[in-house]
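The values are calculated or read from the model by the stated rules, or taken from the named source; none is laboratory data. Keep in mind the model is a prediction, meaning the values are calculated, not measured. Ideal geometry is used to build each Cβ from the backbone, glycine not excepted, and the neighbour counts take in all protein chains shown. The protein model used for the area step is the full one, side chains on, heavy atoms only, and it has no ligands, DNA or RNA in it. Shrake-Rupley method; radii C 1.70, N 1.55, O 1.52, S 1.80 Å.
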Amino acid sequence: MAGYYDGDTLRLVDDRRVRLLGIDTPEMNYRKGTPQPLAQRALQRTQSLLPKGGPVRLARDRQAQDRYGRLLAHAYTPDGTSVEETLLREGLAVSFIMPPNVALADCLLAAERQARVARRGLWALPDYQPQAAGKVLADGRYRLVRGRVTSALQRGDWVLLKLDRRVQLRIARADWTGFEPADHLAWRGRDVIARGKIQSRNGAAQMRLWHPAQIELSK
């Protein structure tokens, strides 16, 4: 290990960057100034698991690199401890399962579930509680959005679900095969909680979903 960018991105001694698979930690926001809540704690936990100058064991999934040229891998300490599972279990990261890298999805989601149930770390913060679709901010940050699916349609390569006519959920048809029910029209009228980063696009709030774990029935 040579260094760290934040809790989920490492720098190796040969200067290559490694983006840890299956998780997303709060942003340090080096260029913007103020780190997101618990970003520093997530970074420090990764540093404690993988001390600078020490070894790291990397395991790849299906995809070798992302669009930024970073290596994509799971990271383990010398004794075999999973860095991603540890951060998820302690509530210092959220799951970010992006096909085709799904080999460890079940393990990572189970670790995150423990933190959510126990309200550890991020899951105790107000920003990580479900918010109504009509009130949520499209600020690029991770959000849990609660609403009713008021429309469901296919458009080109996308399945589009709209919550309370306010927030559009976008799922590539290539990823839709893992969602249940498979008939997109069957989602209309369902009360759900979707989670991910909300962006503003053409004046509308949108959230990209890659994996079925990002949407669940609202209780």
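Of the conditions (1) acidic (Asp, Glu); (2) open to solvent by 10 Å² or more (accessible area, probe 1.4 Å); (3) in contact with a strand residue (DSSP E or B) (Cβ under 8 Å, 6 or more places away or on another chain), Glu84 fails just one. Which one is it?
Among (1) acidic (Asp, Glu); (2) open to solvent by 10 Å² or more (accessible area, probe 1.4 Å); (3) in contact with a strand residue (DSSP E or B) (Cβ under 8 Å, 6 or more places away or on another chain), the lone unmet condition for Glu84 is (2).
Kindly evaluate Gln63 against the criterion of being open to solvent by 70 Å² or more (accessible area, probe 1.4 Å) and either over 20 Å from the mean Cα position of the chain (by Cα) or on the phi < 0 side of the Ramachandran plot (or both).
no
Tell me whether the stretch 102-119 contains one or more residues that are open to solvent by less than 40 Å² (accessible area, probe 1.4 Å), touching a residue at least 40 places away in the same chain (Cβ under 8 Å) and β-branched (Val, Ile, Thr).
Looking through the stretch 102-119, none of the residues is open to solvent by less than 40 Å² (accessible area, probe 1.4 Å), touching a residue at least 40 places away in the same chain (Cβ under 8 Å) and β-branched (Val, Ile, Thr).
Based on what the data block shows, is Pro78 out of contact with any strand residue (DSSP E or B) (no Cβ under 6 Å at 6 or more places or on another chain), surrounded by fewer than 21 Cβ atoms within 10 Å (Cβ to Cβ), touching a residue at least 60 places away in the same chain (Cβ under 8 Å) and not small (Gly, Ala, Ser)? Spell out the reasoning first.
Details: out of contact with any strand residue (DSSP E or B) (no Cβ under 6 Å at 6 or more places or on another chain): yes; surrounded by fewer than 21 Cβ atoms within 10 Å (Cβ to Cβ): yes; touching a residue at least 60 places away in the same chain (Cβ under 8 Å): no; not small (Gly, Ala, Ser): yes.
Answer is no for this residue.
Could you pull out the residue among Leu185, Leu153, Leu160 that is in contact with a helix residue (DSSP H, G or I) (Cβ under 8 Å, 6 or more places away or on another chain), modelled with pLDDT of 95 or more, farther than 26 Å from Leu88 by Cβ and not small (Gly, Ala, Ser)?
From the options Leu185, Leu153, Leu160, the qualifying one is Leu153.
Scan the stretch 134-157 for residues that are assigned to a loop (DSSP other than H, G, I, E, B), open to solvent by 30 Å² or more (accessible area, probe 1.4 Å) and either more than 22 Å from Lys219 (Cβ to Cβ) or not charged (D, E, K, R) (or both) and jot them down.
Those that are assigned to a loop (DSSP other than H, G, I, E, B), open to solvent by 30 Å² or more (accessible area, probe 1.4 Å) and either more than 22 Å from Lys219 (Cβ to Cβ) or not charged (D, E, K, R) (or both): Gly134, Leu137, Ala138, Asp139, Arg141, Gly156, Asp157.
Is it the case that Ala138 is hydrophobic (A, V, I, L, M, F, W, C), touching a Ser or Thr at 6+ places or on another chain (Cβ under 7 Å) and modelled with pLDDT under 95?
Spelling it out, Ala138 is indeed hydrophobic (A, V, I, L, M, F, W, C), touching a Ser or Thr at 6+ places or on another chain (Cβ under 7 Å) and modelled with pLDDT under 95.
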